[in-house]
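The values are calculated or read from the model by the stated rules, or taken from the named source; none is laboratory data. Please read these numbers as outputs of a predicted model, since none were measured by experiment. Using ideal geometry, Cβ is built from the backbone for each residue, glycine included, and neighbour counts are taken over all protein chains shown. For the accessible areas, the whole protein counts, side chains as well, though only heavy atoms, and no ligand, DNA or RNA atoms are used. Shrake-Rupley method; radii C 1.70, N 1.55, O 1.52, S 1.80 Å.
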Amino acid sequence: MTTTTTTTTTTTLTSKDIELATRAADNFQRLYYSTYDSDKRMDGLSKLYRPTSALTWNGNPYQGTEGIRELLKGLPTTKHEVQSFDCHPIPGQSSFSCFLLSNSIPKKAEICFTQLIGTQPPSLLVTVSGTVIHGKGTAGNPASTPAKSVEGQPRVFAQTFMLVPDPTAPQTKAGEVATYYINADAMRFVG
Amino acid sequence: MDRDTRMRDLTDKPGGRKSQVKSTHKARSGRPRPMDSVLGKNMPSSSRNPMGAVRVPADALSIRGAAKGAISRLRRGGPQALSDRQGPGFPPGRPVRNRIISSWKEVLDSRYNTETRFLNLERLAADESLAQKGLRPFTEENANPKEASVVWKLAGALEPKPQTISLAHNKMTSGAALHVLAYYLPDLANLSLEGNQLTQWRELDAIQGRRNKLNNLRELILIGNPIRELEIKNNRAESYRSEITRRFPSLQMLDQEPITTISFNADVPEASTSTATPAVNTAPQSFFTKEMGPSFITGIDSSVVNEFLTRYLPLFDTQRGALLDVYHPSATFSFSANTAIPTRARIEGFHSSPSMPNQRKLDWTAWLQGGLGGSRNLSRLAGGLEKMTKTLHIGSVQIIEAMTNLPATRHEITSSPDRFCVDAWPIPHGEGMGLFVTLHGQFTEVPVEGVRSFDRSFILAPAPDDSRAKANGWSVIILSDQLNVRSYSSNEAWRPGYMRVQHGENIPTQPMSAWVESITPQARAQLEAVQAFVSVF
């Protein structure tokens, strides 16, 4: 297989890579939406972004950690329910395998990192689909609301994230490949 | 046998009439899991006394709480048996019950190291002090589960709370003795089950119940159990680790080896912020402060995205094989089905609308099982590592094969562009740039002419000069492609303009700006693109 991109050489993804990516996405979506729905959402979510991150909320652009705070400031409270999610390691970079810090032997890890200077473990593309209720939902509707009104009912949302490793973040525990942050995030109400 | 009698003595209290009625009602209410009613009803979980398990004096650590964990008893005995042993009005000082509790408490105290917060419950069968006290290991195969409940309730009341528990070498064959562990010790960090006889995944599911989970478990040891050793022997170590980490997502060490993880910043302990965090705005809002915006493309000429989509989607509809060249040789593709019925669409009645007569003919089977591997909805994915791997299609050839196996579609992007919505911008990728594209819209599933909604996310890169994509006129190639198919919801969901949070009569304080109505979405998108280009890049 010849490389036809101008980006770095690709490495075949192993099932280990796929499992790791899946687990990361699972942990990520739990963390993201439980933080979003909590009263700590402002501090909690902004930690997942960096100043260079770009995000859109229903077609409105925001930038970085300040941007997400600005967005959240104006939003009513939320209650998300994730109904499906998916995740790929994005090809075009190396696989995780080189970054697996081999079983608490720090020396080996150092060698691995030295060999791979200038490269990064793969970024992740994560898509989530589910529902979100804002404010008090239907309970917040005035008594005069017609029975057939959709207002206050859960909306369907679709959100796509690109998660990338932060090369400057220190390793905090054995087995940790890297700390990832949200580089791009596009959310829309779609139903 | 005499043990059984003894246990009965412990709990056969004349419970108050009131409680009998109540418990009978509860047991009859058709709840599928005896544990739930048991836990929910009897455990000290009410807000009135959240610390109940800790605060109550030792002899009130009654079997009342423990008896509630008598799962097998409940199953066998049914409502009547349950009501027999409940009731808030147990007279104090039941000698037999208290003797058992205090005996177990002695055992735990002697085996608990308060400094290391380590509760050592290893090799209970070899502990002669147990036999002297008339106790039998609660981990034994035929042990009464009540006994285990007593132990875990006592363990949960130890001060400081145990952080590490070892149940190594107890010949355990099932997880029954661990059913209520997560209820009494939800913050347990380390658990060793080394050298037992656990063989089935479901024994671990007993620990990690649906309602009570060890959400903070960092380390687990299963060395010496058939559940592990057989998998290792059969070269399924990876699948073994995957099964475990799926059940215990917080795990960092398994069998004394670190688990490979990807972290996110929020895991890190709270950094002190100089500014006080503004509380979440809970004041009722009738409208969102931001309007729904039109398609948002920035940082690149939107024609790049538009040309790609208006060429890609018709080919996807009519000639999927022709898309081979637009995928990178190592590209990734997967599709997933979100089969939930969208509430608003249901209220609008799309499913039964006379104008959409074919909606009832739609069937999810082709999306759940087709496409060479089926839906990759990771939130519903049974089948573990194998399914996870099989449903991710890697490489252009495999991708086309999988796509060809999906139902035929018709995306009317050129004739009805308003039914689609795109957000896209450049992202750094490798040493160059990539393009992040999300598309929402609808397609007709051709065989039955029913309409579905979908979300699609692409990572694109510029097509290299010497690539087949370039030679075939594509300016970009696809690196990653995820398709999520949903039940139909109208494109009204993203019609630009203000959005209500709640039903209300009031007019928004800042009505949709007049200019938004007067210009086309495309023009507005371009205007915003220019503004955003300056601010974002």
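Can you confirm whether B:L368 is within 13 Å of chain A (Cβ to nearest Cβ) and touching a strand residue (DSSP E or B) at 6+ places or on another chain (Cβ under 6 Å)?
Criteria met by B:L368.
Picking from A:F189, A:F161, which residue would you name as being on the phi < 0 side of the Ramachandran plot, facing chain B (nearest Cβ under 8 Å), surrounded by 20 or more Cβ atoms within 10 Å (Cβ to Cβ) and modelled with pLDDT of 95 or more?
Answer to the check: A:F189.
Tell me yes or no: at least one residue of region B:218-238 is touching a Phe, Trp or Tyr at 6+ places or on another chain (Cβ under 7 Å), under 26 Å from A:D166 (Cα atoms) and either part of a helix (DSSP H, G or I) or hydrophobic (A, V, I, L, M, F, W, C) (or both).
No: zero hits.
Residues of region A:21-63 being in contact with a Pro (Cβ under 8 Å, 6 or more places away or on another chain) and modelled with pLDDT of 95 or more, which ones?
A:A54, A:L55, A:G59, A:Q63, listed by residue number.
Filter region A:48-70 down to the residues that are facing chain B (nearest Cβ under 8 Å) and crowded, with 22+ Cβ neighbours inside 10 Å and list them by number.
Selection gives A:L48, A:A54, A:T56, A:W57, A:N58, A:G59, A:P61.
Given the conditions (1) part of a loop (DSSP other than H, G, I, E, B); (2) within 8 Å of chain A (Cβ to nearest Cβ); (3) free of Cβ contacts under 8 Å to residues at least 60 places away in the same chain, which single one is not true for B:S489?
(3)
Considering region B:245-257 alone, what residues qualify as being open to solvent by less than 40 Å² (accessible area, probe 1.4 Å) and either under 18 Å from B:I165 (Cα atoms) or not assigned by TED's automatic domain parsing to the domain that holds B:L188 (or both)?
Passing the criteria: B:F248, B:S250, B:L251, B:L254, B:D255.
Inspect all residues belonging to region B:220-233 and state whether any of them is within 14 Å of another protein chain (Cβ to nearest Cβ), surrounded by fewer than 20 Cβ atoms within 10 Å (Cβ to Cβ) and in contact with a Leu (Cβ under 9 Å, 6 or more places away or on another chain).
no
Mind checking whether some residue in region B:378-388 is more than 10 Å from chain A (Cβ to nearest Cβ) and among the acidic types (D, E)?
No: zero hits.
Limited to region B:461-479, what total is found for residues that are part of a loop (DSSP other than H, G, I, E, B), small (G, A, S) and more than 9 Å from chain A (Cβ to nearest Cβ)?
Going through region B:461-479 one residue at a time, the tally reaches 2.
Does B:K161 count as open to solvent by 60 Å² or more (accessible area, probe 1.4 Å) and under 32 Å from the mean Cα position of the chain (by Cα)?
yes
Could you check B:E445 against (1) under 26 Å from B:D363 (Cα atoms); (2) touching a helix residue (DSSP H, G or I) at 6+ places or on another chain (Cβ under 6 Å) and say which number it fails?
(2)
Within region B:448-462, how many residues turn out to be touching a helix residue (DSSP H, G or I) at 6+ places or on another chain (Cβ under 8 Å) and either at pLDDT below 95 or open to solvent by 10 Å² or more (accessible area, probe 1.4 Å) (or both)?
Number of matching residues: 3.
If you scan region B:390-439, which residues turn out to be within 8 Å of another protein chain (Cβ to nearest Cβ), of a type in the set (D, E, K, R) and open to solvent by 40 Å² or more (accessible area, probe 1.4 Å)?
B:E431, the sole residue that qualifies.
Kindly indicate the residue of region B:328-357 that is more than 10 Å from chain A (Cβ to nearest Cβ) and among the hydroxyl-bearing types (S, T, Y) and also surrounded by the fewest Cβ atoms within 10 Å (Cβ to Cβ) among those meeting that condition.
B:S355
When region A:16-25 is examined, which residues are found to be over 10 Å from the mean Cα position of the chain (by Cα), touching a residue at least 12 places away in the same chain (Cβ under 8 Å) and surrounded by 20 or more Cβ atoms within 10 Å (Cβ to Cβ)?
A:D17, A:I18, A:L20, A:A21, A:T22, listed by residue number.
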